[in-house]
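Let me begin by presenting the structure, written as structure tokens, before commenting on it.
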């Protein structure tokens with residue numbers, strides 16, 4: 001059940017209260033800082049005509065000789081984004097904890113997010129169906145009706161797996177998915193989006209399943225902001241995956257009700273600046289809304305580069321309906337990363353990231369953004385891709401080069417790697433082995449992908465002898481977050497919980513927003529208020 005906004009505000013005032021200012025009115029930096037930080041109080045902008053200065057006062061406390069020239073309304077973190085987002089998903093805050101793959105976003109992280117009033121997504125990408133099923137059941141049992149979701153990653157090389165994952169979600173009653181890395185619409189996304197769609201007694205369209213699409217290009221966003229292609233609906237109708245009533249509704253409403261602008265982030269990314277990407281997607285939303293008259297406009301959220309309150313406040317100022325964080329949550333104690341890998345992230349700066357070959361789309365040359373500091377993964381994976389492009393098969397690689405990569409990259413004989421590859425694909429996708437038997441380059445790609453795949457598992461298991469091979473998906477936001485946390489309680493790994501991180505980002509963003517409001521009234525606002533320091537919040 002969606003919490004009423006008025007109730008949420010009262011709870012916020014109790015749970016996240018800011019210490020009241022020392023004075024009722026002030027013109028000094030310290031006093032102004034305390035008043036501005038009291039975001040849940042209405043403030044009056046006051047002018048001292050004698051000393052020709054502008055300050056702030058709590059309501060009805062204007063000093064003698066001063067006059068009121070304006071007001072600052074209260075601000076709550078719950079109100080920073082589009083309030084329709086909270087109403088649609090039943091969450092208190094416009095804040096999403098993103099679905100980091102291979103269960104880096106663990107069930108524990110999703111449950112903690114839900115209980116904090118966020119909407120968290122389980123990192124299902126790269127996992128087998130049995131593991132995903134067990135996780136969604138665990139989360140569903142622990143959240144007791146609170147909002148949460150899980151990931152559906154685009155699998156162009158494994159469409160059957162993508163379809164099976166959707167069938168699992170529908171069967172388990174998963175009501176939210178974050179669709180990520182999609183380059184084009186697929187029948188599986190459409191199937192999930194409209195399954196169970198119907199009209200109620202008033203004629204209102206009801207959709208039990210909700211999609212939050214995470215995209216980095218306007219042309220992809222446009223597909224999620226529109227009804228699905230007619231031929232795709234007809235195919236799903238023929239296959240019995242949608243009913244005539246569901247397909248009819250699908251002609252009039254967009255595939256996704258929420259689309260996240262994924263800027264420069266960890267993992268799959270186009271490295272786009274948020275300040276460029278978000279307005280482009282908002283413009284695409286406006287065009288889609290004009291075409292679908294009478295249908296509520298798609299909500300556009302922001303992700304990528306959000307590592308401190310200033311960045312979060314900027315995203316909301318640009319019109320983001322909600323914000324989504326990813327990289328920074330890997331350092332929290334609910335993360336699926338090992339302590340060794342988490343400590344590597346804590347030491348990272350903004351520039352300590354780089355692009356490296358992706359395991360799931362290796363042959364296409366697709367890259368992911370990873371941590372560079374403390375790891376040689378990017379260089380080693382890049383070397384393998386160079387060999388893949390230079391030779392037609394493993395057998396063509398010169399013996400001396402082969403021995404070098406066995407020693408320095410794989411840490412074992414390639415013959416043994418090939419045996420592991422055959423075991424994996426014989427159980428998961430035998431067609432890959434049949435193709436490899438006829439295509440030497442494809443066989444080489446499968447063998448090389450063993451390293452790329454294992455390198456993302458080693459930081460999870462914390463395998464010490466493989467630390468230089470850790471593939472840790474990471475965006476530049478980690479540098480901003482570490483700098484912001486330095487010297488505060490969040491510098492300590494054990495104090496980094498997904499709840500404290502999220503609440504501090506939101507609370508800080510609300511203070512930064514109030515500071516900007518004060519500035520436009522002519523108040524000399526202390527610069528520190530635009531990126532408030534972390535503190536323990538209830």
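What follows draws every value from the coordinates through simple rules; no lab data is involved. Everything numeric in this text was worked out from a predicted model, so none of it was measured. Every residue, glycine among them, receives a Cβ derived from its backbone with ideal geometry; neighbour counts consider all protein chains shown.
Expressed as an acute angle from 0 to 90° and rounded to the nearest 10, what is the orientation of the C-alpha long axis of helix 159-172 relative to the principal long axis of the chain?
Taking the Cα atoms of the chain, the angle to 159-172 is about 50 degrees.
I need the calculated FRET efficiency for the pair residue 416 and residue 291, taking r as the beta carbon distance and R₀ as 60 Å, to the nearest 0.05.
Details: r = 56 Å, r/R0 = 0.94.
Here the calculated transfer efficiency is 0.60.
Would you mind calculating the gained length between residue 461 and residue 131 on full extension (0.36 nm times residue separation, minus the Cα-Cα distance), in nm to one decimal? Write out the running numbers ahead of the final one.
Numbers: separation 330, 0.36 × 330 = 118.80 nm, distance 1.62 nm.
Extra length available between residue 461 and residue 131 comes to 117.2 nm.
Provide 358, 235 in ascending order of the number of other Cβ atoms located within 10 Å of each residue's Cβ, fewest first. Display every interim value, and only then the final one.
Values: 358 24, 235 14.
The fewest-first ordering by Cβ neighbours comes to 235, 358.
Can you tell me the orientation of helix 414-428 relative to the chain, as the angle in degrees between its alpha-carbon axis and the longest Cα principal axis, to the nearest 10?
70
Determine the relative contact order of the chain: mean sequence separation of Cα pairs under 8 Å and six or more apart, normalised by residue count, in whole percent.
Taking the mean separation of contacting Cα pairs over the length of the chain, I get 14 percent.
When you count, for each residue, the other Cβ atoms within 10 Å and take the mean per peptide, how do 118-127, 185-194 rank with the highest first? Don't jump to the answer; show the numbers that get you there.
Details: 118-127: 26.8, 185-194: 23.8.
Packing proxy ranking, top to bottom: 118-127, 185-194.
So what is the relative contact order for segment 258-364, in percent, with contacts set as C-alpha pairs under 8 Å and at least six apart? Spell out each step's value before the answer.
On the way: 120 pairs, mean separation 24.1, N = 107.
Relative contact order comes out at 22 percent.
Pop the C-beta distance of residue 318 and residue 428 into the FRET formula with R0 = 41 Å and round what comes out to the nearest 0.05.
Numbers: r = 42 Å, r/R0 = 1.03.
Rounded to the nearest 0.05, the efficiency is 0.45.
Can you give me the relative contact order of segment 342-469 as a percent, contacts being Cα pairs under 8 Å and 6 or more apart? Show your work: numbers first, answer last.
Working: 116 pairs, mean separation 33.8, N = 128.
Dividing the mean separation by the residue count of segment 342-469 yields 26 percent.
Calculate, in nm to one decimal, what residue 201 and residue 538 gain on full extension: separation in residues at 0.36 nm each, minus their alpha carbon distance. Could the numbers behind the result be given before it?
Details: separation 337, 0.36 × 337 = 121.32 nm, distance 4.22 nm.
Contour length minus the Cα-Cα distance gives 117.1 nm.
Full-extension gain between residue 407 and residue 248, please, as 0.36 nm times their residue separation minus the C-alpha to C-alpha distance.
Details: separation 159, 0.36 × 159 = 57.24 nm, distance 5.91 nm.
Once the chain is fully extended between residue 407 and residue 248, it gains 51.3 nm.
Suppose we keep just the DSSP beta bridges with both residues in the chain; what percent of those would be antiparallel, to 5? All intermediate terms of the calculation are to be shown ahead of the outcome.
Working: 24 of 52 bridges.
Here the share of antiparallel DSSP bridges comes out near 45 percent.
Calculate the spin-label point distance for residue 183 paired with residue 115, positioning each point 7 Å from the Cα along the beta-carbon direction, and give it in nanometres.
For the pair residue 115/residue 183, the computed spacing is 4.2 nm.
Where both residues lie in segment 90-333, what percent of DSSP beta bridges are antiparallel, nearest 5?
Values: 2 of 30 bridges.
Of all bridge pairs located within segment 90-333, approximately 5 percent are antiparallel.
Compute the acute angle (0 to 90°) between the alpha-carbon long axis of helix 498-520 and the principal axis of greatest extent of the alpha-carbon atoms of the chain; round to the nearest 10°.
The two axes meet at around 50 degrees.
Show me the ranking of peptides 34-41, 57-64, 407-414, 528-535 by mean Cβ neighbours inside 10 Å, starting with the highest. Don't skip to the end; give the middle numbers.
Values: 34-41: 21.8, 57-64: 13.8, 407-414: 15.2, 528-535: 19.1.
So the order, starting with the most tightly packed, is 34-41, 528-535, 407-414, 57-64.
Taking the structure as given and computing semi-axes √(5λ) of the Cα gyration tensor in Å, which label from (1) 45, 30, 19; (2) 67, 34, 21; (3) 48, 27, 21 fits?
Step by step, semi-axes √(5λ) of the Cα gyration tensor in Å for this structure corresponds to label (1).
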